[in-house]
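Data first, discussion second: the structure below is written as C-alpha cells.
The values are calculated or read from the model by the stated rules, or taken from the named source; none is laboratory data. All figures in this text were calculated on a predicted structure; none of them were measured in a lab. Cβ coordinates were reconstructed from backbone atoms using ideal geometry, including for glycine residues, and neighbour counts include every protein chain displayed. When the accessible area is computed, the model is the full protein with side chains, heavy atoms only, and any ligands, DNA or RNA have been set aside. Shrake-Rupley method; radii C 1.70, N 1.55, O 1.52, S 1.80 Å.
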Amino acid sequence: MLVDSHCHLDFPDYAGTVDEVVTRARAAGVGVCVSIGTELSRFPGVKAVAEQFPDVWCSVGVHPHEAQKELLEDAAALIAEAAHPKVVAIGETGLDYYYEHSPKPQQQANFRSHIAAARHTKLPVIVHTRDADDDTIAILRDEMEKGAFTGLIHCFTGTQKLADAALELGLYISVSGIATFKNSIALRDVIKSVPLERLLVETDAPYLAPVPHRGKTNEPAFVVHTAAMLADLKGVTPDELAAATTENFFRLFSKVVRPA
C-alpha cells in the first residue's frame, strides 16, 4: 500500500469527479489520502471530502499565501477544528518568500500559531517552505525549544542544510513529483541522503504531476510514479519503498486509522 500524504481534493479541479479520483487512487494501490487545508474559510469543503470517504483524511491550516487574509491571533481556531475525528494534522503552514503573497511577519506569526496548535493537539505540523530555508530553520528550532512537536517538510525542494536541520529536529521529509523532473538532479542528491525511515511520498495534487504525467492535472493515483523513482534512488524495491513510507506515515500521522 502507498499513501498520498498531501493532496487537495476540495480544489475546483476535481469538481464533480472526486469519486472517480478516489476510485483511481484505490485501484493504483493508494490506501490513504490526506486532503490538506489551506484556508479556514474553505475548511468546511476540505472536511466534507474527508467525511465522504473512509480512506480520506484531512488537515486544518492557513497556507502562508493566505496569512495576511487569515492572520491568526493564536492557535485556538486550529485547535478547535482539530477535534474533528477526520482532522489528522495541522497545516499547511510555513514560509513562502518566492511569491511573498503575504508579508513575512504575518507568515511567521501564523507559522508559530500552527506549531503551537500542533504541540497542543499532538498532531503533526505540515510545513511549506520555499526560498525561506534560514527563517524556517530558525523558527522550527526556536519553537522546538519551547516544547516538542512532530511534523514534516512537505513537497521538499530545499537545500541539504534544510534537510539536515529538519532531520535533526525529528521531522520527516515528504517527496513530490518535482523529484521526478529531469532538471531536479540537485534535489535528488539531497533526497538520497535522507534515511528511508524518515521519507514520505505525496502528490500535492492537483499540482506538480510527476513524470510521465507532467503538465497534466495531478491526482493521488500518480504517487506511484514518485514512489517508483524514490525506490530506484534509494536502491530498494518498489514494495520495500511502499512499506517503509507507509509505516513512516502511520508513525507520524498517528490519528489515522489503518485500512483493514
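Per this entry, VAL175 is counted among residues that are over 16 Å from VAL32 (Cβ atoms), open to solvent by less than 20 Å² (accessible area, probe 1.4 Å), modelled with pLDDT of 95 or more and touching a strand residue (DSSP E or B) at 6+ places or on another chain (Cβ under 6 Å). Scanning the range 11-19 finds no residues that are in contact (Cβ under 8 Å) with a residue 24 or more places away in the chain, surrounded by 24 or more Cβ atoms within 10 Å (Cβ to Cβ) and either within 18 Å of the chain's Cα centre (by Cα) or not in a helix (DSSP H, G or I) (or both). Within the range 151-182, the set of residues being within 15 Å of ALA138 (Cα to Cα) and among the charged types (D, E, K, R) comprises LYS161, ASP164, GLU168. Going by the structure shown, is GLU92 over 18 Å from the mean Cα position of the chain (by Cα) and either in a helix (DSSP H, G or I) or not aromatic (Phe, Trp, Tyr) (or both)? For GLU92, the condition - over 18 Å from the mean Cα position of the chain (by Cα) and either in a helix (DSSP H, G or I) or not aromatic (Phe, Trp, Tyr) (or both) - is not met. Among the residues of the range 38-53, the ones that are out of contact with any Leu (no Cβ under 9 Å at 6 or more places or on another chain), of a type in the set (Gly, Ala, Ser) and open to solvent by less than 10 Å² (accessible area, probe 1.4 Å) come to 0 in all.
For THR136, the conditions (1) open to solvent by 10 Å² or more (accessible area, probe 1.4 Å); (2) farther than 19 Å from CYS7 by Cα; (3) of a type in the set (S, T, N, Q) all hold with the exception of (1).
Residues in the range 67-85 that are open to solvent by 40 Å² or more (accessible area, probe 1.4 Å), under 20 Å from GLN108 (Cβ atoms) and charged (D, E, K, R): LYS69, GLU73, ASP74. Restricting the range 178-229 to residues that are among the charged types (D, E, K, R) and within 22 Å of ASP55 (Cα to Cα) leaves a set whose member that is surrounded by the fewest Cβ atoms within 10 Å (Cβ to Cβ) is ASP204.
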